[in-house]
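Read the structure below first, then the notes.
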Amino acid sequence: MKLFLDTGILDEVKQAAEWGILDGVTTNPTLVAKAGRGFKETVLAICDAVPNGAISAEVVATDYDTMLKEATEIASWHPNIVVKVPLIEPGVRLVSTLADRGVKTNVTLVFTLTQALLAAKAGATFISNFVGRVDDLSGDGMEAVRDTVNMVENYGYESQVLVASVRHPLHVVQALQCGAHVATMPLGVMKALFKHSLTDAGLKRFLEDWNNAGLTIF
Ligand code: E4P
């Protein structure tokens, strides 16, 4: 499963990129606004920090013609950019057009299997299923992920299922169990994937024993 970082903050991207496990970055208008720099500047800096990654950058218009202009502009900035498009009627139309032109897309704000079907049929590269926002309303966000993975596999759609709105490591575990292709998460969640108290305690003990014995490597 690919791991994407969900952020507009360059320092966070650089930190995760150093671990060598980062496959891409997702941004959205809220995250870019929080980052406090210009949109193009932010996205290009992220592209530089993750040279082989898929970097999602979102259109903000809601009518087809303006969305197409924005998508064309955004896609021209860097070859690794994936144009992020909301699941609305002109958005699905836009994804079909971009797929015909060979432009990669990430369909965002997908909550149901029927929305995912439309994205897959339009030729989306990624289908972003939001789980945390559904869980926040006492739903089961992972249900649509499970169904979408099955749909993509059963019908041979080429879209990758991307688990978004990830709130904690259990969402990552569940994404793996569902067979999702990608999970995107904030830096805090990605850092939490490293953690186990037995790892910390075990390492402490190893180092104490080593040092007490006066051992060295060099
Ligand atoms: C995905 O691409 C979105 O940017 C993101 O996962 C939304 O997460 P949130 O529900 O925590 O805002």
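The values are calculated or read from the model by the stated rules, or taken from the named source; none is laboratory data. These numbers come from a predicted model, not from an experiment. Every residue, glycine as well, gets a Cβ built from its backbone with ideal geometry; the counts of neighbours run over all protein chains shown. Surface accessibility is based on the protein's heavy atoms, side chains included, excluding ligands, DNA and RNA. Shrake-Rupley method; radii C 1.70, N 1.55, O 1.52, S 1.80 Å.
Can you go through Leu44, Leu10, Leu22 and tell me which one is aliphatic (A, V, I, L, M), without any contact (Cβ under 8 Å) to a residue 40 or more places away in the chain and within 24 Å of Leu98 (Cα to Cα)?
Answer to the check: Leu44.
Give segment 82-121 a look and list any residue that's open to solvent by less than 10 Å² (accessible area, probe 1.4 Å), assigned to a helix (DSSP H, G or I) and either farther than 14 Å from Leu162 by Cβ or not small (Gly, Ala, Ser) (or both), or say none. Correct list: Gly91, Leu94, Val95, Leu98.
If only residues of segment 157-182 that are more than 11 Å from the chain's Cα centre (by Cα) and in a loop (DSSP other than H, G, I, E, B) are counted, the one that is surrounded by the fewest Cβ atoms within 10 Å (Cβ to Cβ) is Glu158. Answer yes if at least one residue in segment 207-214 is away from the ligand (no atom under 16 Å from the Cβ) and within 18 Å of Asp23 (Cβ to Cβ), and no otherwise. No, because not a single residue in segment 207-214 is away from the ligand (no atom under 16 Å from the Cβ) and within 18 Å of Asp23 (Cβ to Cβ). Within the option set Ala75, Ala71, Ala57, being small (Gly, Ala, Ser) and part of a strand (DSSP E or B) holds for one residue only, Ala57. Only one entry of Ala16, Ala35, Ala75 meets the criterion of being touching a strand residue (DSSP E or B) at 6+ places or on another chain (Cβ under 7 Å), more than 21 Å from Val95 (Cβ to Cβ) and small (Gly, Ala, Ser), and that entry is Ala16. Cβ-Cβ contacts under 8 Å between residues 6 or more apart (or on different chains), taken from a first residue in segment 175-199 that is within 16 Å of the ligand (Cβ to nearest atom) to a second residue that is modelled with pLDDT under 95 and β-branched (Val, Ile, Thr), are absent. Each residue in segment 30-42 was checked for being within 16 Å of the ligand (Cβ to nearest atom) and either closer than 23 Å to His181 by Cα or outside any helix (DSSP H, G or I) (or both), and 1 of them qualify.
So, Arg133, is that one among the charged types (D, E, K, R), surrounded by 18 or more Cβ atoms within 10 Å (Cβ to Cβ) and assigned to a helix (DSSP H, G or I) or not?
no
Would you say Thr148 is assigned to a strand (DSSP E or B), under 27 Å from Phe126 (Cβ atoms) and within 16 Å of the ligand (Cβ to nearest atom)? In short, no. The condition of being more than 15 Å from the ligand (Cβ to nearest atom), at pLDDT 95 or above, over 20 Å from Lys104 (Cα atoms) and open to solvent by 10 Å² or more (accessible area, probe 1.4 Å) holds for Asp11.
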